[in-house]
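The values are calculated or read from the model by the stated rules, or taken from the named source; none is laboratory data. If you're wondering where the values come from, they're calculated on a predicted model, not measured in any experiment. Heads up, the Cβs are rebuilt from the backbone with ideal geometry, glycines too, and the neighbour counts pull from every protein chain shown.
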Amino acid sequence: MSANADEAIEGRPAAPIRSRPVMIQLQGLVKRFGPNEVLRGINLDIHKSEVVCIIGPSGSGKSTMLRCMAFLEAYDEGEVFVEGALLGYTQNRAGERVRAGDAEINQIRRNIGMVFQQFNLWPHMTALGNVTEALRLVRRLPRNKANELGLQMLDKVGLAPRAHAFPAQLSGGEMQRTAIARALAMEPHIMLFDEPTSSLDPELVGEVLQVMKHLARDGMTMVVVSHEMGFAAHVADTVAFIDQGRIVAQGPPSEIFQGLGQPPRLQQFLHDYLERNEFWTKGAD
Amino acid sequence: MKLDLSVLTSHSGEILGGFAVTLETWIAGVIIGSLLGLAIALLQLRGGRWLNRALRTYIEIIRGTPFLVQLFFLYYGGPSIGLDLQPVAAGVLGLSLYGSAYFAEVFRAGFNSVPMGQLEAATCVGLNHWQTVRRVQLPQMLVIIVPSLCNTIIVLSKETAVLSVITVPELTGVLTGIGSLSYAFVQVLMTLCVGYLLLVELTAWFGRWVERKVGRFMIR
Amino acid sequence: METLRSMMQTLPLLLQAAVATILISLVSLCFAFLIGTAVCAVSFSRSRPLRWLGMAHVHFFRGVPLLVQLLMLYYLLPVLGINMSSLTAAIIAVSFCSSAYMAEILRGGFLGIPPGQLEAAHLLGLSGLQTLVRIQMPQALRLTLPSLVNEVLLVIKASSLVSVVGVAELTRTAQNIAASNYRPLETYFLVGVAYFAINSLLSRLGHLGERRLARAHTS
């Protein structure tokens, strides 16, 4: 665990979370892949400026849930509301639920930004090019305005000097920070992170977590699927533990990580995790 | 063995004319065929079930039947449905349709080769379908498909020889005509071999050059 | 319906012709495989002139159109005093043309075997021949089976060109029929269907073979 992410952050909005407006609401979310039911009824509210960390064993459905929030996967049952609007489906004339058209889906999720485990930068454009592409094509900004904004974004993630490098010339951490800048450029209200540091070499994880910490400090609503427990413990407002397609435990980090009376599956998961990460301090007992 | 090349020099005008027809029909077939093929591949990206099925059938029929039979169908069978074409026109039409099926497959593979994650990133940042195709897929796949494109273009250059069977005066047709009249088959066939080998090797060399040039800035 | 009746009458003829097409193709493919294996072996030889010869073979037979190769055999052999039926000449031409493609396919197959396997074989004491027969050939064939099946389909289609030198296969028969019943559209359509059917069948068989082979390997 990197030292940076372990620092507590200050300057966060003080109003109690439950009283803030709901940005994303999952109700009874069910997702199947063939015969496999990966999500078995997820209920979750994400409030404004809340940082929610999703943890759980692999195969539990964490990434699928995140992808359903952005409708990168079409969920089978339940609802995903983004700022009050139903995402992905609409009602046809007969009152049945049908998949909404692409334009409508894009409209509703325009305020969601997403950062992927594999970065997914476009290799044939520079870092600046990646960041400004949507500014020019979607927000129709003229080239110079887009470049100005793009450089600002890259500066925010500490990459202004690398603006004209191609992804192949960037390190993993730099690529992921560029991806974050790219998502931020569209001024989203909500940022989704799908295991943002899992593909990075350990020494590069810190720089990305640092950027995410600053985002949280500035009040961004964030949903983070990650194995970085330090981040979850010290930056998140809420931690949700998913196992086998259901949220088994949910609450502030203090409850989840230190509290007693948590479900056995969660205790097992944390125990395994701690054991894996502290073997080097335990020594040869 | 003494080889009398005078037969070739005395007919040089005809031979060059034949070579010109080969080049013209080939280039026309490549341009029309690739544009058609690209259109088909673009339609397949978005098409509904029935459109995609129809396009798939078209591609499989053309790739599943001999080019010669397709030519005969168009040239000899055409008049029955009001399609009365001159040999060259029929040849270009046949070549274009034949090429379009192969180009469509090349473009399709190209589109599929761009990692899904990049398309998702484009969607998440707000790009619509055609913007994603134009700015994310096409630039990258054009690099990847250069070898396959080159291959298809070479295949079409060799198929122009088949056009001689429906009396198109391209290189093979012209030279075999000269051969039949003068019985100088050795010279004629030598010229044919050299002619096509030159065409194919030059195209292949050009394709490798393009691949080098374009592939430079696209390290994955 | 007059059309339908006259077309039905041609079916027995077309069936015969289809068999001819398949036989000609299969015979050519067998020769092509043998020649192609030889050329492929030559391309891995240690002698530079031999390698160059193999390369020249591939470049020539893939660069010159099959039609020209056919005409070469058909017109040049009498000049050289060799008397050969069109059928034989056709089979030889198709064999050599396809051999170049086979050689390249096989070469790709051999190159696709991870070199570590050969190293392991040598370290364990297997001879060159043993390595070839027990390690390389099975894997090369497994890797190249789809391409080889594809080559079969290509040869079936290419065989249509031998009609030009008068061999009585599917396309030639179609030409004869069309000349006599004045229905070129329907005739060539039917013949197209015939080729398509043959290819679909062979392609299906090919997939079956691939799956069999894959299953044998994963067991």
Exercise. So which of A:E187, A:E203 is in a loop (DSSP other than H, G, I, E, B) and touching a Gly at 6+ places or on another chain (Cβ under 9 Å)?
Worked result: A:E187
Exercise. Here is a list of conditions, (1) facing another protein chain (nearest Cβ under 8 Å); (2) at pLDDT 85 or above, and A:V82 meets all of them except one; can you say which number that is?
Worked result: (1)
Problem set entry | Residue selected from the range C:76-101 under the condition without any contact (Cβ under 8 Å) to a residue 12 or more places away in the chain and either within 15 Å of C:V167 (Cβ to Cβ) or within 20 Å of the chain's Cα centre (by Cα) (or both), by the criterion surrounded by the fewest Cβ atoms within 10 Å (Cβ to Cβ) | C:S85
Exercise. Could you list, in sequence order, the residues of the range A:90-127 that are of a type in the set (K, R) and within 11 Å of chain B (Cβ to nearest Cβ)?
Worked result: A:R109, A:R110
Problem set entry | Answer from C:T171, C:T131, C:T144 - the residue that is within 14 Å of chain B (Cβ to nearest Cβ), in a helix (DSSP H, G or I) and hydroxyl-bearing (S, T, Y) | C:T171
Exercise. Would the range B:173-191 turn up any residue that is within 11 Å of another protein chain (Cβ to nearest Cβ), assigned to a helix (DSSP H, G or I) and of a type in the set (F, W, Y)?
Worked result: yes
Problem set entry | Of all residues making up the range C:174-185, the number that are more than 8 Å from every other protein chain (Cβ to nearest Cβ) and either of a type in the set (D, E, K, R) or in a helix (DSSP H, G or I) (or both) | 5
Exercise. Are any residues in the range B:153-167 β-branched (V, I, T) and either part of a helix (DSSP H, G or I) or within 10 Å of chain C (Cβ to nearest Cβ) (or both), and if so, which ones?
Worked result: B:I153, B:I154, B:V155, B:T160, B:V162, B:V165, B:I166
For this session: Count, please, the residues in the range C:104-115 that happen to be aliphatic (A, V, I, L, M) and either at pLDDT 95 or above or exposed (fewer than 14 other Cβ atoms within 10 Å of the Cβ) (or both).
Result: 1
Problem set entry | Filtered residues of the range A:244-266 (kept if outside any strand (DSSP E or B) and within 24 Å of A:K31 (Cα to Cα)) | A:Q244, A:G245, A:P263, A:R265, A:L266
Exercise. Within the group A:C68, A:C53, which residue is crowded, with 23+ Cβ neighbours inside 10 Å, within 14 Å of another protein chain (Cβ to nearest Cβ) and either at pLDDT below 90 or under 14 Å from the mean Cα position of the chain (by Cα) (or both)?
Worked result: A:C68
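Yes/no per residue for (1) surrounded by fewer than 19 Cβ atoms within 10 Å (Cβ to Cβ); (2) of a type in the set (S, T, Y):
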{"site": "C:Q117", "(1), (2)": "yes, no"}
{"site": "C:L143", "(1), (2)": "yes, no"}
{"site": "C:L148", "(1), (2)": "no, no"}
{"site": "C:T171", "(1), (2)": "no, yes"}
{"site": "C:V191", "(1), (2)": "no, no"}
{"site": "C:Y195", "(1), (2)": "no, yes"}
{"site": "C:I198", "(1), (2)": "no, no"}
{"site": "C:L201", "(1), (2)": "yes, no"}
For this session: Could you check how many residues of the range A:128-147 are more than 9 Å from every other protein chain (Cβ to nearest Cβ), within 25 Å of B:L138 (Cα to Cα), basic (K, R) and out of contact with any helix residue (DSSP H, G or I) (no Cβ under 6 Å at 6 or more places or on another chain)?
Result: 2
Exercise. Restricting attention to the range B:107-117, does a residue exist that is crowded, with 24+ Cβ neighbours inside 10 Å and under 30 Å from A:P188 (Cβ atoms)?
Worked result: no
For this session: Report yes if some residue within the range A:114-137 is surrounded by fewer than 21 Cβ atoms within 10 Å (Cβ to Cβ), in a helix (DSSP H, G or I) and of a type in the set (S, T, N, Q); otherwise report no.
Result: no
Exercise. Before we move on, is A:F231 more than 30 Å from A:N130 (Cα to Cα), touching a strand residue (DSSP E or B) at 6+ places or on another chain (Cβ under 8 Å) and not acidic (D, E)?
Worked result: no
For this session: Could you please let me know if A:F241 is within 28 Å of A:V38 (Cα to Cα), touching a Phe, Trp or Tyr at 6+ places or on another chain (Cβ under 9 Å) and part of a strand (DSSP E or B)?
Result: yes
Seminar exercise, completed: Contact list, first residue from the range C:202-214 and part of a helix (DSSP H, G or I), second anywhere and surrounded by fewer than 12 Cβ atoms within 10 Å (Cβ to Cβ) and at pLDDT below 85, beta-carbon distance below 9 Å, six or more apart or interchain, is none
For this session: Would you check which residues across the range A:80-113 are touching a residue at least 12 places away in the same chain (Cβ under 8 Å), in a strand (DSSP E or B) and in contact with a Phe, Trp or Tyr (Cβ under 8 Å, 6 or more places away or on another chain) and list them?
Result: A:V80, A:R99
For this session: Report whether or not C:G54 is surrounded by 16 or more Cβ atoms within 10 Å (Cβ to Cβ) and in contact with a Ser or Thr (Cβ under 6 Å, 6 or more places away or on another chain).
Result: yes
For this session: Would you be able to say whether some residue in the range B:57-67 is within 16 Å of the chain's Cα centre (by Cα), at pLDDT 95 or above and of a type outside the set (V, I, T)?
Result: yes
Problem set entry | Matching residues in the range C:43-62 - criterion: being over 17 Å from C:S95 (Cβ atoms) and not in a loop (DSSP other than H, G, I, E, B) | C:S43, C:R48, C:P49, C:L50, C:R51, C:W52, C:L53, C:M55, C:A56, C:H59
Exercise. In the set A:G150, A:G158, which member is crowded, with 16+ Cβ neighbours inside 10 Å, among the small types (G, A, S) and part of a loop (DSSP other than H, G, I, E, B)?
Worked result: A:G158
